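This report concerns only the one structure given below.
The values are calculated or read from the model by the stated rules, or taken from the named source; none is laboratory data. Every value quoted in this text rests on a predicted model; they were computed, and no experiment measured them. Cβ sites come from the backbone with ideal geometry, for glycine too, and all protein chains shown count toward neighbours.
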Amino acid sequence: MGKSLIIVESPAKAKTIKKFLGRNFDVEASSGHLVDLPSSKLGVDIENNFNPQYVVIKGKSKYLNQLKKAAKGAEKVYLASDPDREGEAIAWHIADKLDIRDKSLRILIHEITEKAVRDSIDHPTTLSQDRFEAQQARRILDRLVGYQVSPILWKKVRKGLSAGRVQSVALRLVVEREREIEAFKSEEYWTIESLLKRGEDAPESAFTAVLATYDGKKVSIDNGDDAKTIVDSVKNENFTVSSIERKERKKNALPPFITSTLQQEASRKLRFPVKKTMSIAQKLYEGIDLGSEGPVGLITYMRTDSVRISENALAEARELIQQTYGGEYLPEKANTYKVKKSAQDAHEAIRPTYVSKLPDSVKQYLSDDEYQLYKLIWQRFVASQMQPTIFDQTTLEITAGKGVFRATGSIVKFPGFSAVYLEGKEDEEEEKEKEEMRKLPDVSQGQELDLVNLEGKQHFTQPPPRFTESSLVKELEEKGIGRPSTYATILSTIQERQYVNMERKKLKPTLLGCSVSDLLIQGFPEIMDVQFTADMEDKLDNVEEGSINWIELLSGFYSGFSERLNNAQDSMKSLKRDGLPTDIKCDKCGADMIIKWGKKGEFLSCSKYPECKNAKAFEYDPDGNIKVIEQAEPVLREDIKCEKCGKPMLIKRSRRGEFLACSGYPDCKNAKAFELDPDGNIKIIEKEEPVLREDIKCEKCGKPMAERKGRYGRFLGCTGYPKCRNIKGLDENGNPVDPKANGKSGGKKKAAEQTDAPGENAG
């Protein structure tokens, strides 16, 4: 009997699975996608039913040849790429390239445990054409938009920009929120707050009660005079407890994580960017080396929008809760959660593969970030199967003359699931919850309270908050834009393109981002429409379900899109030419300055260019106003001569700091970095010559590597540069460190997470 071959995506996953299987199985990794649309051209034959022109990805031929060799002698080939659309496409392309359709079997591994792996082998399926076509349709849609709209942005604004079917809509949401904030008109309002205590209590135990009604009407105070009138009318009255309402309140456990809720919670509680969360989750799923146990997959598949849990996992969780926390924490029946109508229910929720592996028991094998994320997933899953938290909520009404003051407080009567897990909150929600969870003193109806303080407080209505990564993910999901698996790339792309900056953990659009969003809305209103984008997601789901033909979907989309493309070339405003107007005057000719974009970002340019070539760097002050950065005049150093031409050197300043430049520029372009010694004297930093490392060969071209020094430290660069641009990092001992593609172990590169050209994005 011949061996069987299992093909997975990442080497880490291959290593974990290999330990479960005997000598009759070989396990190989494709290292992600082997083929994709070409990066150098559109790669879609629009006239021929949108036929995709797939090519082998650069650098992937060696993996393809390795798989061909392994498959040649295999009796059976199991295609075990990830159980989603991307994984289906990888499996489909492998089967095609290896010409093994007749002997290949598809297996779906939702968790990398021995039982799950063996069960999948025992119950193989076939390749899903519908799922593959759904992925293919998405990929082509994103290619059509990215590769055809982005060049228009290059022409109208500057090179290096990108547009995308989902990316650009996400940007629009951020921009529109910012404009809501800018347009917001703050309104004044007042509250009347009393600080009260029982007679026997110390002043520091006083609690706050807020005026709820006055003269039988709900309080609405919009100025200080009215507030003072009310304060004066009640300050000498007796403050008497007129009503006590006590009731029991329950808060049910939250469901286990899906991709989007994990991204949101990791952002709130751990301050992880969405991209970082997905990278760490990938490692936990593929397998962590647990010493003598070897590699173990610690969590189930992390790209899912289903809250479904297997019966075995539920049984394990209930047993742990019974043994660890006691029977009072265990519901009579397992908690179940409603799966959203739009959810793809192929995968379980994100949970630990072995609930018995407590976070602290594996902590020694994990990095701090891995431990924190695993702990979060473990706690959320266990808590999801526990009893509700029960509160005793008390509402007091205190009468003083015509005024009725109200105070609400809660105490935990039974912790329930909160003994294990508390949900993170946005800053605004957290403050509100703190108020609600305060403890009120034990008082009786008719009891008089001592007034410690009474005052009117001025407030102003606040604009909606800027998006955080967490709240933007929530918004995208609620509006049906994109899929959770694409959110990490969307958020990183709009920041990398400098469309959005992170300020105090909030997303703020740049002027460039606002301008690009406006241009795209002008030129491509359908693509930038939120509902249109959400409807397209539903149609892609229908392709997977087999109810819509993928070619018909693309044809329907492209008929209107192609017309927009033709019109946009002429109709869209050119910021490259016209810039954005400002109220700043040119100090050389008096004309208006305009904002333009170059390779290094925004700058001010004279509107009379090329007649006047004045340009200025600028920054924004805290209020968002433009502040010109005056360029320091070069300082002539007669004592430092250029070693190339003998002329004195100048101290100049660039974005990277001060440097020495020859005063004979442009005839002599000699420049030197320098530093100051302890006495303040200039010390020239001579450029180090590369050190040849014959012991380390370039894995791409076979030439020796050379050790060099760059801005961020020492590194290895191929001596075949510029034909071969391969580089490697160096650790503190001077040993090479292979960079991990996309921040994921095994170098897995999902097409849904690729931006393989400036004009293409996920989604």
Check your understanding: Would segment 320-339 turn up any residue that is hydrophobic (A, V, I, L, M, F, W, C), part of a helix (DSSP H, G or I), modelled with pLDDT of 95 or more and more than 23 Å from S81 (Cα to Cα)?
Key -> yes
TODO: Restrict the check to segment 629-636 and report whether at least one residue is modelled with pLDDT under 90 and surrounded by 13 or more Cβ atoms within 10 Å (Cβ to Cβ).
DONE: yes
Flag for V362 being modelled with pLDDT of 95 or more and assigned by TED's automatic domain parsing to the domain that holds G446: no
Can you find a residue in segment 497-509 that is assigned to a helix (DSSP H, G or I) and out of contact with any Lys or Arg (no Cβ under 7 Å at 6 or more places or on another chain)?
-> no
inquiry  = Within segment 79-87, does at least one residue satisfy the condition of being in contact with a Ser or Thr (Cβ under 8 Å, 6 or more places away or on another chain) and in a helix (DSSP H, G or I)?
reply    = yes
Those residues of segment 110-142 that are assigned to a helix (DSSP H, G or I) and closer than 21 Å to A70 by Cβ come to a total of 4
Residues of segment 153-199 being part of a strand (DSSP E or B), under 30 Å from G446 (Cα atoms) and of a type outside the set (D, E, K, R), in sequence order, are W190, T191, I192, S194, L195, L196
In segment 254-292, anything in contact with a strand residue (DSSP E or B) (Cβ under 8 Å, 6 or more places away or on another chain) and closer than 23 Å to Y337 by Cβ is listed as P256, F257, I258, T259, L262, E265, A281, L284, Y285
Subset of segment 5-63, residues touching a Gly at 6+ places or on another chain (Cβ under 7 Å) and free of Cβ contacts under 8 Å to residues at least 40 places away in the same chain, comes to Q53
Going residue by residue through segment 447-469, is there one that turns out to be part of a helix (DSSP H, G or I) and either in the same structural domain as R406 (by TED's automatic domain parsing) or closer than 17 Å to K508 by Cβ (or both)?
yes
Only one of V382, V339, V296 is farther than 30 Å from L476 by Cα and of a type in the set (V, I, T), namely V296
Filtering segment 230-241 down to residues that are part of a strand (DSSP E or B) and surrounded by 15 or more Cβ atoms within 10 Å (Cβ to Cβ) yields F239, V241
Residue set L472, L476; condition touching a strand residue (DSSP E or B) at 6+ places or on another chain (Cβ under 9 Å) and assigned to a helix (DSSP H, G or I); output residue L472
Filter segment 29-59 for residues that are buried (at least 20 other Cβ atoms within 10 Å of the Cβ) and more than 26 Å from N549 (Cβ to Cβ); the one that is nearest to the chain's Cα centre (by Cα) is G32
Residue hits (segment 263-316; acidic (D, E), touching a residue at least 12 places away in the same chain (Cβ under 8 Å) and either out of contact with any helix residue (DSSP H, G or I) (no Cβ under 9 Å at 6 or more places or on another chain) or not in a helix (DSSP H, G or I) (or both)) are D289, D305, E316
Tell me yes or no: at least one residue of segment 200-213 is surrounded by fewer than 22 Cβ atoms within 10 Å (Cβ to Cβ), assigned to a strand (DSSP E or B) and among the charged types (D, E, K, R).
no
Report whether or not A227 is surrounded by 13 or more Cβ atoms within 10 Å (Cβ to Cβ) and not in a helix (DSSP H, G or I). no
Residue pairs within 6 Å by beta carbon, gap of at least six or interchain, first lying in segment 590-614 and over 17 Å from K627 (Cα atoms), second in a strand (DSSP E or B), listed first then second, are A591/C606; S607/D592; S607/I594; C612/C606
Of the residues in segment 660-677, those that are more than 16 Å from G646 (Cβ to Cβ), within 44 Å of the chain's Cα centre (by Cα) and of a type outside the set (A, V, I, L, M, F, W, C) number 2
- prompt: Hey, does segment 669-683 have a residue that's β-branched (V, I, T), over 19 Å from Q631 (Cα atoms) and surrounded by 10 or more Cβ atoms within 10 Å (Cβ to Cβ)?
  reply: yes
Selection from segment 93-109 of residues in a loop (DSSP other than H, G, I, E, B) and either surrounded by 20 or more Cβ atoms within 10 Å (Cβ to Cβ) or not assigned by TED's automatic domain parsing to the domain that holds Q53 (or both) yields I100, I107, L108, I109
Selection from segment 380-407 of residues among the β-branched types (V, I, T) and touching a Pro at 6+ places or on another chain (Cβ under 8 Å) yields T389
The condition from (1) outside any loop (DSSP other than H, G, I, E, B); (2) in contact (Cβ under 8 Å) with a residue 24 or more places away in the chain; (3) within 33 Å of the chain's Cα centre (by Cα) that K363 misses is numbered (2)
Tell me yes or no: at least one residue of segment 57-80 is of a type in the set (D, E) and in contact with a helix residue (DSSP H, G or I) (Cβ under 8 Å, 6 or more places away or on another chain). no
